[in-house]
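The values are calculated or read from the model by the stated rules, or taken from the named source; none is laboratory data. Note that the structure is predicted; figures quoted are calculated from it, not measured. Cβ placement follows ideal geometry from the backbone for every residue including glycine, while neighbour counts extend to all protein chains displayed. Side chains are part of the model used for accessible areas, which takes the heavy atoms of the whole protein and leaves out ligands, DNA and RNA. Shrake-Rupley method; radii C 1.70, N 1.55, O 1.52, S 1.80 Å.
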Amino acid sequence: DGGITQSPKYLFRKEGQNVTLSCEQNLNHDAMYWYRQDPGQGLRLIYYSQIVNDFQKGDIAEGYSVSREKKESFPLTVTSAQKNPTAFYLCASSMDQGARTDTQYFGPGTRLTVL
Amino acid sequence: GNSVTQMEGPVTLSEEAFLTINCTYTATGYPSLFWYVQYPGEGLQLLLKATKADDKGSNKGFEATYRKETTSFHLEKGSVQVSDSAVYFCALSDPAAGNKLTFGGGTRVLVKP
């Protein structure tokens, strides 16, 4: 089955620790994205990548870092510099960000709770 | 900049009622428009989309028409079921902004039997 997987589904960490969220896709999509969702709110873009070894900051990149060493994988690290990291994190991918009809498809999400 | 405004919820309906969720947008370019649905504890699923003016997207009984003159993309379903209870997000993708998605705040829909 083609799709986007995120792991783990739930993640608990102590304050001050870095944590890495996994996102893998087997859709052969070029572009990948990370969003953050807070309760009762819409999604906000953290980082995105159009191609391997390249990525750009989204609207709320501070306190986060990413890498894109493989087409299939786009891990997100939540660093200790992120002031309020508890949230639901969603990864997405799309075939061709340059195309006007490009559509993003989402993974199941990781709920991060910082204790 | 780009923005999406959708009606605040929760919207509570009885089964078989008619559902409308209003969505209006502001965009600098000529966007594509989307409706996504999120069930409790899950990621977003694409419900439908429209890429040009007067296009109608439809899926699972839901419909939305891209209205450029009113900058709107209202979601409708003629007869809702309990299984339609979810949060619905309107979003736009603007080629002038690298096709990044801009989301509305979401509308929670609760359908009671």
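Observations on the structure shown:
- Trypsin sites (Lys or Arg not before Pro) within the range A:1-76, DSSP loop, no more than 14 other Cβ atoms inside 10 Å: A:Lys9, A:Lys14
- Protein accessible area in the protein assembly as shown, 1.4 Å probe - carbon and sulfur %: 48 percent
- The residues of chain B expose on average 45 square angstrom of accessible surface per residue, using a 1.4 Å probe on protein heavy atoms.
- Rolling a 1.4 Å probe over the protein heavy atoms gives chain A an accessible area of 50 Å² per residue.
- Gyration tensor (alpha-carbon) shape descriptor, the range B:1-40, a/c threshold 1.5: prolate
- At a threshold of 20 Å², the residues of the range A:31-46 that become less accessible to a 1.4 Å probe in the full protein assembly than in their chain on its own are A:Tyr35, A:Gln37, A:Gly42, A:Leu43, A:Leu45.
- Peptide A:102-108, shielding by other chains (average Cβ, 10 Å cutoff): 6
- For chain B, averaging the sequence separation of C-alpha pairs within contact (under 8 Å, six or more residues apart) and dividing by the residue count gives a relative contact order of 37 percent.
- Both chains summed, the buried accessible area for B and A stands near 1700 Å², from protein heavy atoms and a 1.4 Å probe.
- Cα shape, the range A:49-107, gyration tensor, a/c 1.5 rule: prolate
- With contacts taken as Cα pairs under 8 Å and at least 6 residues apart, the range A:31-115 reaches a relative contact order of 27 percent.
- Loop-resident chymotrypsin sites (Phe, Trp or Tyr not before Pro) (DSSP state other than H, G, I, E or B) in the range B:12-113 with no more than 12 further Cβ atoms inside 10 Å of their Cβ: B:Phe18.
- Net charge, B:Ala53 excluded, C-beta distance under 12 Å - Lys, Arg +1, Asp, Glu -1: +1
- In the structure shown, the pairs B:Lys49/B:Lys77; B:Lys49/B:Lys100; A:Lys83/B:Lys100 are assessed against 18 Å; a Cα-Cα span above that value is assigned to A:Lys83/B:Lys100.
- Taking the Kirkwood radius as Rh and the Cα radius of gyration as Rg, the range B:1-107 has a ratio of Rg/Rh equal to 0.96.
- Considering only chain B, percent of DSSP beta bridges that pair antiparallel, nearest 5: 90 percent
- One compactness figure for chain A is 1.00, namely its Cα radius of gyration divided by 2.2 N^0.38 Å.
- Largest GNM mean-square fluctuation among A:Gly42, A:Gly16, A:Gly63, using chain A with Cα springs under 10 Å: A:Gly42.
- Excluding the site residues themselves, the longest part of chain B lacking any trypsin sites (Lys or Arg not before Pro) in a DSSP loop with at most 16 other Cβ atoms within 10 Å is B:1-51.
- Per-bin percent of Cα-Cα distances, the protein assembly as shown [5 Å]: 1, 7, 15, 18, 19, 16, 12, 7, 3, 1, 0
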